[in-house]
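Asker: Handing you a structure now.
Just so it is clear, none of the values below were taken in a lab; they were calculated from the coordinates. These numbers were taken from a predicted model, which means no experiment stands behind them. Every residue, glycine as well, gets a Cβ built from its backbone with ideal geometry; the counts of neighbours run over all protein chains shown.
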Amino acid sequence: MLETIKKYCNSLTCYSRYKTREVYIGDIPLGGNNPIRIQSMATTDTMNTLATVEQSIRMIEAGCEYVRITAPSLNEAQNLKNIKDELKRRGYKTPLIADIHFTPNAAELAARIVEKVRVNPGNYVDKKKFQTIEYTNDEYTAELERIRERFTPLVKICKEYGTAMRIGTNHGSLSDRIMSRYGDTPLGMVESALEFLRICEDLNYYNIVLSMKASNPQVMVQAYRLLIQKMEEEGMNYPLHIGVTEAGDGEDGRIKSAVGIGTLLEDGIGDTIRVSLTEEPEYEAPVAIALAERYKGRENHEPIVEIDETPKDPFVYERRDTFEIAGIGGHTVPKVFTDFSKEEIVDYDELKKVGYNYDAATDKWKMTDQACDLIYLGMKELSFDAPNNLKVVYDYNKWLTLEDKTKSFPFFSTIEHYNNSTIKSFVLNFVEIPLAEIFSEQFDKIKNDERAVFVLTTKNKHGMAEQRRAFFELMIRNIKNPVIVKRVYEKILEDELRICSATDFGSLLIDGFGDGVWLTAKSDSVTFDKGLINRMLFGILQAARTRISKTEYIACPSCGRTLFDLVDVTNKIRKRTEHLKGVKIAIMGCIVNGPGEMADADYGYVGAGPGKITLYRGKEIVKRSINSDNALNELIGLIKEDGVWIENGEN
């Protein structure tokens, strides 16, 4: 059934920034017609003035336009003045943001010193004891009045001093009261922020930024979209701070951030970006800058067929309904396509890069958990039999020359070629289809052909939106062929490729679009290793929560509250557990978001005090305040106790 588009962006086909009100943070305005602003957060002890100043300078020189610093108590809030004064003495006037959890008195002090304060409505005044409490309407209203009374002083101080405020909801720290009424949902995240926002508006205070962060990109995207719809309904247009929280480190952290942040940027959503990596904060800014740079001049793209109605609810994940063809589509996981058509030689070593290891002694193939599902050879031919699990695809003209056509499948570059060919695979055929072809007469002859998998391509600068428009059309017309999403990138370097592909594929996968991914990259100065591209694609599928192929680490980016060396501990945990396919382990430096993010993890390793760790199974504490020296062994013991552990090297 079609429904009018639920308003969360200006257009699903024509790129433009979603217009929000302008909010001044010091001398650097946010929202309105201003560019997307870049920020990060210090990881130093806020009481260490020199270390915080020097790290802040590194962040600023890396491109940060705002610097956030934690203020967990009055002492840290007071020391923000020393940090600010020293930065000014060194010639830096970058606005500072105080990050507040649990402590209204620290927020009220910080608001008199820095340009912006961030409060978390889940734990600023509200309760978070992970209790299931049933609230009557009267009790719920009474709680709101209690919040209003405790929150009002901060709002008045911000008004008096011209201080901006971010009301920043975290999926992992929704209050018991919100959880009781809305559950652990995007709607609960939105309502948590709106309750505080309505108090601000009642007090005629509007210098506000909003955020809806989660470690799960699907939840994060749905929450921001829903927030915009709710603001539209109430006549609000506050600027948005966007980010995926606890994204992790390295390639996985960058991919996960790009999937979530990029999905919103594609629709013109977002006024400031913070990429949360478990690394030094100056490494976050270049990733955020690269994400924002993609959209400069994006509005000059080729026109895309407009749409006034959509078959897709943008606030709920639901995979597009398709029939299955030879293990592609239906209820199967999205497949990974690897392109070997330009390789001079395709030998055993090349297949090893994409997850297939040949043992000559036993004449057997061994697959890794990230073995690709299909390889495209174009006009080339393998000189040996392919592994049974690997589908080999040739250009149609090459496929015709093969003596045994049952062991491989043809690729047709046009619908017309497919329709006019008398010889086809009786099992599986791949047909390239750009958006324009879906509206052609030729397409009517192939739709719902149960031997045809579509390969959806685009050359549009606004390619994700064009490919999404194709999926909309397929759904509107009840066409259920599986679709492989293909993207070709030219004159691109590795870091840019990682961000662009994660954004373009991830934006579709998060909405349930795509039964496979196919990435081709070209560069004048770099030859992209097939193993790198294969690993990226599996990383994107995992970040979008559509195919789990490895252990997932939900690791916070560290801050002054952190009670241990996050990078070191994360690496140690990864070294011992990275073979546990599909297990999610959260590594949190402190209690602020730790227990809440356990909702999206199987196990949690959370700082409980100096030298002390608390272990969680989901949201439940299993072992409290154990010595950090033995905490990793205790974590592994817990995993073994649950029967989840396998020895490294086992299949």
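Asker: Which label marks the calculated value of semi-axes √(5λ) of the Cα gyration tensor in Å, given the options (i) 45, 29, 23; (ii) 70, 49, 24; (iii) 35, 30, 28?
Answerer: The listed entry that was calculated here is (i).
Asker: Please give the length that would be gained between Ser523 and Val305 if that part of the chain were fully extended, namely 0.36 nm times their separation in residues minus their C-alpha to C-alpha distance (nm, one decimal).
Answerer: Fully extending the segment from Ser523 to Val305 adds 75.4 nm.
Asker: Tell me the Kirkwood radius of region 19-300: reciprocal of the mean inverse pair distance over distinct alpha-carbon atoms, in Å.
Answerer: Values: mean 1/r = 0.0529 Å⁻¹.
The Cα-based Kirkwood calculation yields 18.9 Å.
Asker: Where a ≥ b ≥ c are the square roots of the eigenvalues of the C-alpha gyration tensor, would you call region 1-149 rounded, which needs a/c under 1.5, or, failing that, prolate if a/b is larger than b/c, or oblate?
Answerer: Because a/c hits 1.5 or more and a/b fails to exceed b/c, region 1-149 counts as oblate.
Asker: Suppose R0 equals 35 Å; then what is the FRET efficiency for Glu139 and Glu232 from their Cβ-Cβ distance, rounded to the nearest 0.05?
Answerer: 0.70
Asker: When only C-alpha pairs under 8 Å and at least 6 residues apart count, what is the relative contact order of the chain, in percent?
Answerer: Answer for the chain is 14 percent.
Asker: Taking the beta-carbon count within 10 Å as an exposure proxy, list Asp339, Asp511, Asp629 from fewest neighbours to most.
Answerer: The order, fewest Cβ neighbours first, is Asp629, Asp339, Asp511.
Asker: Same structure again: Below 8 Å between Cα atoms, with a sequence gap of 6+, how large is the relative contact order for region 320-543 in percent?
Answerer: 22
Asker: Report the FRET efficiency, 1/(1 + (r/R0)^6), for Gln442 and Asp349, where r is their Cβ-Cβ distance and R0 is 35 Å, rounded to 0.05. Intermediate values should be presented prior to the final figure.
Answerer: On the way: r = 41 Å, r/R0 = 1.17.
Computed FRET efficiency for Gln442 and Asp349: 0.30.
Asker: Still on this structure, please answer the following. If neighbour count is taken as other Cβ atoms inside 10 Å, put Asp126, Asp99 in order from fewest to most.
Answerer: Asp126, Asp99
Asker: Now for a different question. Against the longest alpha carbon principal axis of the chain, how many degrees, from 0 to 90 and to the nearest 10, is the axis of helix 186-202 turned?
Answerer: Tilt of helix 186-202: around 40 degrees.
Asker: Right, next: What are the ³J(HN,Hα) values, in whole Hz, obtained from phi via the Karplus relation 6.51 cos²θ - 1.76 cosθ + 1.60 with θ = phi - 60°, for each residue of region 62-72 in sequence order, with x given for Gly and Pro?
Answerer: Rounded to whole hertz, the list is 7, x, 6, 9, 9, 10, 9, 9, 6, 9, x.
Asker: Filter the trypsin sites (Lys or Arg not before Pro) in region 132-177 to those in DSSP coil with at most 10 other Cβ atoms within 10 Å of their Cβ, and list the result.
Answerer: In loop regions of region 132-177 (DSSP not H, G, I, E or B), there are no sparsely surrounded trypsin sites (Lys or Arg not before Pro).
Asker: Okay, next question. Going by the alpha-carbon gyration tensor, a ≥ b ≥ c the square roots of its eigenvalues, is region 165-285 rounded (a/c under 1.5) or, if a/c is not under 1.5, prolate (a/b greater than b/c) versus oblate?
Answerer: prolate
Asker: Moving on. How would you classify region 320-543 from its alpha-carbon gyration tensor, with a ≥ b ≥ c the square roots of the eigenvalues: rounded for a/c under 1.5, else prolate if a/b is greater than b/c, otherwise oblate?
Answerer: In terms of gyration-tensor shape, oblate.
Asker: Please report the spacing between the Cα centers of region 15-52 and region 65-127 in Å, no decimals.
Answerer: Cα centroid of region 15-52 versus Cα centroid of region 65-127: 13 Å apart.
Asker: Follow-up. Using the count of nearby Cβ atoms within 10 Å as a rough guide to exposure, how do Thr136, Thr43 rank from fewest to most? Don't jump to the answer; show the numbers that get you there.
Answerer: On the way: Thr136 8, Thr43 24.
Least to most surrounded, the residues fall as Thr136, Thr43.
Asker: Show that you can apply the helix-only estimate: for the chain, add -39,500 (n - 2.57) for every DSSP H stretch of four or more residues, divide by all residues, and state [θ] at 222 nm to the nearest 500.
Answerer: Calculated from helices alone, the mean residue ellipticity at 222 nm is -11000 deg cm²/dmol.
Asker: While we're on this one: Could you give the angle, 0 to 90 degrees to the nearest 10, between helix 628-641's Cα long axis and the longest principal axis of the Cα atoms of the chain?
Answerer: Approximately 50 degrees, to the nearest ten.
Asker: Amide H to amide H under 5 Å from Ile554: which residues, 5+ apart in sequence or cross-chain, H placed 1.01 Å off N in plane?
Answerer: Hits under the 5 Å cutoff: Ile585, Ala586, Ile587.
Asker: Which of the GluC sites (Glu not before Pro) across region 459-493 are loop residues per DSSP, with 10 or fewer other Cβ within 10 Å?
Answerer: On the way: sites: Glu466, Glu473, Glu490; in loops: Glu490.
Passing both the DSSP loop test and the Cβ count: Glu490.
Asker: Between 0 and 90 degrees, rounded to the nearest ten: what's the tilt of helix 49-61 against the longest Cα principal axis of the chain?
Answerer: Around 40 degrees separate the two axes.
Asker: Please identify every one of the chymotrypsin sites (Phe, Trp or Tyr not before Pro) in region 303-332 that sits in a loop by DSSP and has no more than 12 other beta carbons within 10 Å of its own beta carbon.
Answerer: Phe323
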